[in-house]
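Here is the structure we will look at, set down as C-alpha cells.
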Amino acid sequence: MRCELAFPTIVRHPEPEQFIDAVAGMRIESVGRRGKYILVGLDGDLLLVVHLGMTGQLRLVDAAKPLEKHTHAVFFLDDGRQLRYRDPRRFGRLLLGTEDALLSSKKMPRLGPEPIDPEFVAGELYRRLRKRRTAVKAVLLDQGAIAGVGNIYADESLHRARLRPDRIAGTLSPKSARRLHESLRDSLRTAIANRGSSVDTYRDAWGEVGGQQEKLLVYGRGGEPCFTCGRPLSVMRIAGRTTVFCRRCQH
Ligand SMILES: [Zn+2]
C-alpha cells in the first residue's frame, strides 16, 4: 500500500514524511484492537495504530467512491480499494512503530486488561478498585487500570451494577465488584454485537451506523425518567466527563 495525507498533523508519530515513507510497500497482516486503539499489523512487527478520538472513522471503500470532506489520510491498497481516515473534529491520531517503541516513547499508554478478556476475572477488577481513593467511574475511564471503557459504557455498566459513579472505588465490596465486572462485560459484549453505539457520528468500517443507541439506559438521558424507578436521572461531572445516573437505584 501507499499513503497520502491531506492533513499531516493527524499523524503524531513519527514525522508525517517518515510515516508516508515507512508505510509505502507494506502489507496489512492483521487487524486488531487494544483498548480504544485499532492496531493494524504490518510487515516486520510494525503497527499502524489508529485512535478514532471523538469523531474519527476508518473505512474500507472502493476507490471510485467520492472522497468525503474531512478525509485526512488515504491508504491505497493493491486490490484497488482504499482505507480512509476521516475525522471532522480531528481529535483522533495515527501512529506508526513497533509496539515496544510506541510504549517506550509514550506515544501509546500502557493499557490495563480488557474487560471482555476471559482472563480478566472479577477478583482482578476488585484488586484494581480496592487501592484507589477516587470515584469508581474515574477508575473505569483510566485506560491504565482497565482498557477500552469509555464514557458511555462506564455510565451504563455502573447503572446496571446499581453503583453510584462517584462512589470511592476502594469502598466497593468484593460482591459489588463482581456485579460491576458482570455488567461491564455485558455492556461491552452487547455493544460489540450491535456494532457499537450510534451516538453522534459513529460508523463502523463499512460505513453503517451503530445500532446500540436505542438500548442505552442512562447515557445521554439526564433529566429523563429512570427505566427502573421512574425518577429523573441525575447529572454530575466526574473526571471531566458528563455522568448520568439514578440517585434511587444506584448506591
Ligand atoms: Zn432509578
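Would the range 27-99 count as rounded, prolate or oblate if I go by the C-alpha gyration tensor, calling it rounded below 1.5 in a/c and otherwise prolate when a/b exceeds b/c, oblate otherwise? Oblate. List residues of the range 54-96, by number, whose backbone nitrogen lies under 20 Å from a label position 7 Å along Cα→C-beta of ALA239. Label zone hits: 54-56, 91-93. Axis of helix 174-193 versus longest Cα principal axis of the chain: the two differ by about 40°, to the nearest ten degrees. According to the calculation over all Cα-Cα pairs in the range 140-200, the P(r) per 5 Å bin from zero is 4, 18, 28, 28, 14, 5, 2, 0 %.
Charges only on Cβ, +1 for Lys and Arg, -1 for Asp and Glu: so what's the dipole of the chain about the Cα centre, in debye to the nearest 20? Walk me through the numbers before you get to the answer.
Working: 43 positive and 29 negative charges, 357 e Å.
With only Lys, Arg, Asp and Glu charged at Cβ, the dipole is about 1720 debye.
Pairing the Cα long axis of helix 151-160 with the longest principal axis of the chain, what angle in degrees results, from 0 to 90 and rounded to the nearest 10? Roughly 30 degrees between the two axes. For the chain, the direction-averaged projected area of the alpha-carbon convex hull comes to 14.1 nm².
Every number here is computed from the coordinates shown, using simple stated rules; none is lab data. It should be emphasised that the depicted structure is a prediction, and the values quoted were computed from it without experimental measurement. Backbone-built Cβ (ideal geometry, glycine too); neighbour counts: all protein chains shown.
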